[in-house]
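Participant: Supplied in structure tokens, the structure appears directly below.
The values are calculated or read from the model by the stated rules, or taken from the named source; none is laboratory data. No experiment lies behind these values; they were computed from the predicted model shown. Using ideal geometry, Cβ is built from the backbone for each residue, glycine included, and neighbour counts are taken over all protein chains shown.
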Amino acid sequence: MGWSGPLVRFSEAPALAIAVWRLVFAVALIGVLRALAGGTRPHGREWRAAIVAGVFLAAHFWAWIASIGMTSVASSVALVCMQPVFVAIFSATFLREHPTRAQWAGIMTAVAGAFVIAWGDWGRGTEALIGDALALLGAVLVSVYYVIGRRLRQRLDLWTYTGVVYGVAAIALALAALASGVDLVHHPGREWAIFGALALLPTMLGHTGANYALAHYRAYTVNLAILGEPVIASLLAWVLPGIREAPPLQTVVGGVLIVGGIALGMIRKAGASSHSDAPAITT
């Protein structure tokens, strides 16, 4: 997942084009894998829930990728990684999977980190703040997607679920691109290589890996996987030729608070009880 931010920064394509092709290439790979492995078939309510999840995923990709062009990679990735906070809140509300007091303490620490990042970007102008807001919106949107996925993955196999959800997201983004006049076709070879890399690394290995885990662990525990993303993304953006984007001090401090706060709550709970995240179904 840590490669997502730097790869998007390398691209010069519109945000919608990046999101569309990232998902289209991923759906093509999933189609091959499902043809080889077989899978379950969604019914009625499952179809509707998967479509809603796909729309939220589409909105997440648009908001977050757009934020990369307006604020720093480090700030964007750190703020979008606030998603475990919202996943915990939504899980308690809709799934009756309640975080502990220690987890809520960690969540508040992470929220403080988000404010530090936003304060640090205040002096960078209105565009950077809008980028921060879009990244935070992306965190909220993807949290809904994960909470829906937590329930659906207990009924649907991995390739069926991701094929439907990624496919719906790709269609929604493609329609938005066409409606706004975004060119989806005329891109140089370098851009197509970036689209393919985004499909293979952060989408197939990152997002799909998280979707696999949703069948076995609570949604906010699965989101622990993203704690390394802001660190890796910031380091890559710092050292990769063509970016060389050193994170500002406020982003470093805020990122440490976000990662540390979420880890404080979530990891402590995981270590406290081996039964709290037992699968909801027998596997």
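Participant: Report the residue count in region 64-98 for those that are surrounded by fewer than 24 Cβ atoms within 10 Å (Cβ to Cβ) and not aromatic (Phe, Trp, Tyr).
Facilitator: Residues that pass the stated criteria total 11.
Participant: Could you tell me which numbered condition Ser276 fails, if it satisfies all but one of (1) at pLDDT below 75; (2) farther than 19 Å from Val142 by Cβ; (3) assigned to a helix (DSSP H, G or I)?
Facilitator: Ser276 satisfies every listed condition except (3).
Participant: Could you list, ordered by first residue, the pairs with Cβ atoms under 6 Å in which the first is in region 192-211 and under 13 Å from Phe25 (Cα atoms) and the second is among the small types (Gly, Ala, Ser), at least 6 apart or interchain?
Facilitator: Listed by first residue and then by second, the contacts come to Ile194/Ser11; Ala199/Ala26; Pro202/Ser4; Thr203/Ala26; Met204/Ala26.
Participant: Restricted to region 27-51, and to residues that are among the β-branched types (Val, Ile, Thr) and at pLDDT 90 or above, which residue is farthest from Tyr161 (Cα to Cα)?
Facilitator: If we filter region 27-51 for residues that are among the β-branched types (Val, Ile, Thr), which is where we start, we get 27, 30, 32, 40, 51.
Next cut, at pLDDT 90 or above only: 27, 30, 32, 51.
Numbers: Val27: 11, Ile30: 10, Val32: 14, Ile51: 10 Å.
That would be Val32.
Participant: Next question. Test Gly189 against the stated conditions and say whether it is out of contact with any Lys or Arg (no Cβ under 7 Å at 6 or more places or on another chain) and closer than 22 Å to Arg34 by Cα.
Facilitator: The answer is no for Gly189.
Participant: Would you confirm whether or not region 176-184 contains a residue that is without any contact (Cβ under 8 Å) to a residue 24 or more places away in the chain and part of a helix (DSSP H, G or I)?
Facilitator: Checking region 176-184: at least one residue is without any contact (Cβ under 8 Å) to a residue 24 or more places away in the chain and part of a helix (DSSP H, G or I).
Participant: Within region 70-126, how many residues are of a type in the set (D, E, K, R), over 30 Å from Gly242 (Cα atoms) and either part of a helix (DSSP H, G or I) or touching a residue at least 12 places away in the same chain (Cβ under 8 Å) (or both)?
Facilitator: Adding up the residues that qualify gives 2.
Participant: Confirm whether Arg155 is in contact (Cβ under 8 Å) with a residue 12 or more places away in the chain, touching a helix residue (DSSP H, G or I) at 6+ places or on another chain (Cβ under 9 Å) and buried (at least 24 other Cβ atoms within 10 Å of the Cβ).
Facilitator: In short, no.
Participant: List the number of the failed condition for Ala112; all other conditions in (1) surrounded by 20 or more Cβ atoms within 10 Å (Cβ to Cβ); (2) small (Gly, Ala, Ser); (3) modelled with pLDDT under 95 hold.
Facilitator: Going through (1) surrounded by 20 or more Cβ atoms within 10 Å (Cβ to Cβ); (2) small (Gly, Ala, Ser); (3) modelled with pLDDT under 95 one by one, Ala112 breaks only (1).
Participant: If I ask for residues that are without any contact (Cβ under 8 Å) to a residue 24 or more places away in the chain, among the aromatic types (Phe, Trp, Tyr) and crowded, with 16+ Cβ neighbours inside 10 Å, which ones from region 212-242 would you list?
Facilitator: None - no residue of region 212-242 is without any contact (Cβ under 8 Å) to a residue 24 or more places away in the chain, among the aromatic types (Phe, Trp, Tyr) and crowded, with 16+ Cβ neighbours inside 10 Å, so the list stays empty.
Participant: Quick check on Thr40: is it surrounded by fewer than 24 Cβ atoms within 10 Å (Cβ to Cβ), of a type in the set (Ser, Thr, Tyr) and touching a residue at least 12 places away in the same chain (Cβ under 8 Å)?
Facilitator: yes
Participant: Mind counting the residues in region 162-199 that are of a type in the set (Ser, Thr, Tyr), modelled with pLDDT under 95 and within 30 Å of Arg41 (Cβ to Cβ)?
Facilitator: Total satisfying the criteria: 0.
Participant: Is one or more of the residues making up region 48-58 closer than 19 Å to Asp157 by Cβ and without any contact (Cβ under 8 Å) to a residue 60 or more places away in the chain?
Facilitator: Yes, that holds for at least one residue.
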